[in-house]
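Input: a single structure, listed below in structure tokens.
Please treat every number below as a calculation from the coordinates, not as lab data. As the structure is a prediction and not an experimental result, all values here were calculated from the model. As a convention, Cβ positions derive from the backbone with ideal geometry for all residues, glycine included, and neighbour counts pool all protein chains shown.
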Protein chains: 2
Amino acid sequence: MKPPLTHKPDPSLDLLLERTVDVPVELVWKAWTTPDLIKQWFAPRPWSTMECEIDLRPGGRFKTVMCNPEGQEFPGEGCILEVVENSKLVWTSAMGPGYRPYVGGTGESHGGFVFTAIITLEAEGNQTKYSALVVHGDEESCKKHEEMGFYGGWATVLEQLVEVMQAEQGK
Amino acid sequence: MKPPLTHKPDPSLDLLLERTVDVPVELVWKAWTTPDLIKQWFAPRPWSTMECEIDLRPGGRFKTVMCNPEGQEFPGEGCILEVVENSKLVWTSAMGPGYRPYVGGTGESHGGFVFTAIITLEAEGNQTKYSALVVHGDEESCKKHEEMGFYGGWATVLEQLVEVMQAEQGK
């Protein structure tokens, strides 16, 4: 078996957030793969994540229901593609569970575009080198995602993840 | 790590070909994962497969160029999703290498629809229980694929695979 693919970002099609966070790699992994934890950090407050369902294996369901402050719900059902414990998690909004492609790939539940999120983690002592690479099919989708506030949004929820997991550590 | 997902076909969205073939499971796997062998069986003759490139890991390229008897080329570039040696191979026409979704999901290079192919193999002595499950995003895509001759085509190329690998065994 070959080692996991290394992804080279394409600046015109991909969005990349890289940070080093003050949480051990096992806890970042746990935050991304445990529904009860996802609910605490996945949506930028005052949005919330009301529901989360994860079947943690290739082809498994990755479902969230986010909720805006007015109580409107935004369900999103994606598919998990790759699971390398404490190292790599890949999921996509372009398919549903069982790798079923969404026809048209319009990603209605995800802002009118589809993407694949490639989360890679690397331990640096008790810290974690965190990379979220989000790949799109064309420049328009990428731009739309950026204009929706990708960088601010994904940075904010990462800060929330850190806060939640530091509190978990203290328990 | 959970065991690989078991797929339950949906008769309105999926096409399923099941056969027991007279080739050991390791050779069916080899036929599906070796470009030089793919070229010998993947297209129903008198069509041919001129090119094949496989990066055998999740996110890797699955590329073929088929050619009709008039010499017209039909390139198809998909993405490998799951690799369980001698047991399960999944690839999709809905994404390119690196899990990049095709925008619109129109699958121009694959007859105007997109699909995911889930090949599962099981040893039965020196024979192999072979299952090709092809999942679509809507009934229209599924119907289009069936009308294009899915059952005849996939059965024919499986016969070609058997013939090629039986010849390999005799070498």
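Kindly put A:Tyr99, B:Tyr151, B:Tyr130 in sequence by how many other C-beta atoms sit within 10 Å of each C-beta, fewest to most.
B:Tyr151, B:Tyr130, A:Tyr99
Kirkwood Rh over alpha-carbon pairs of segment B:1-94, then Stokes-Einstein at 10 °C and 1.306 mPa s: what D in µm² s⁻¹, rounded to an integer?
Working: Rh = 14.9 Å.
This corresponds to a translational diffusion coefficient of 107 µm²/s.
Could you give each residue of segment B:87-98 its phi-based ³J(HN,Hα) in whole Hz, using Karplus coefficients 6.51, -1.76, 1.60 with θ = phi - 60°, and x for Gly or Pro?
Result, rounded to whole Hz: 9, 8, 10, 10, 9, 9, 9, 8, 9, x, x, x.
Over the whole of B:30-43, what's the average partner chain Cβ count within 10 Å per residue? Rounded to a whole number, please.
0
Based on the alpha-carbon set only, what is the convex hull volume of chain A divided per residue, in Å³?
Numbers: hull volume 20.5 nm³, N = 171.
Here the figure is 120 Å³ per residue.
If contacts are Cα pairs under 8 angstrom and at least 6 residues apart, what is the relative contact order of chain B in percent?
Values: 343 pairs, mean separation 45.6, N = 171.
This gives 27 percent for chain B.
Where the centroid of each part is defined by its Cα atoms, how far is segment A:119-134 from segment B:31-79 in Å?
One Cα centre to the other: 36 Å.
Got a sec? How would A:Val114, A:Val164 order by Cβ neighbour count within 10 Å, fewest to most?
Lowest to highest Cβ neighbour count: A:Val164, A:Val114.
Out of residues 5 or more away from A:Lys88 or on other chains, whose amide H comes under 5 Å of its own, with H placed 1.01 Å from N in the peptide plane?
Those qualifying (amide H under 5 Å, at least 5 residues apart or on another chain) are A:Leu121.
How many lysine pairs are close in segment A:14-170, with Cα atoms under 18 Å apart and the two 8 or more places apart or on different chains?
Within segment A:14-170, the lysine pair count is 6.
Taking each residue of B:75-84 in turn, how many C-beta atoms of other protein chains fall within 10 Å of its C-beta, and what is the average?
2
Per residue, how big is the convex hull around the C-alpha atoms of segment A:113-171? Give it to me in cubic angstrom, could you?
Each residue corresponds to 86 Å³ of Cα convex hull volume.
Please give the calculated 222 nm ellipticity per residue for chain A, where each DSSP H segment of at least 4 residues contributes -39500 (n - 2.57) and the sum is spread over every residue; nearest 500 deg cm²/dmol?
Estimated from H runs of four or more residues: -8500 deg cm²/dmol.
Across the residues of A:136-144, average count of Cβ atoms on other protein chains within 10 Å?
Per-residue shielding by partner chains comes out at 2.
In 20 Å bins starting at 0, how do the alpha-carbon pair distances of the protein assembly as shown split up by percent?
In order of increasing distance, the bins hold 30, 54, 16, 0 percent.
Please sort by residue number the GluC sites (Glu not before Pro) in segment A:36-99 whose DSSP state is loop and whose Cβ has at most 13 other Cβ atoms within 10 Å.
In loop regions of segment A:36-99 (DSSP not H, G, I, E or B), the sparsely surrounded GluC sites (Glu not before Pro) are A:Glu70, A:Glu85.
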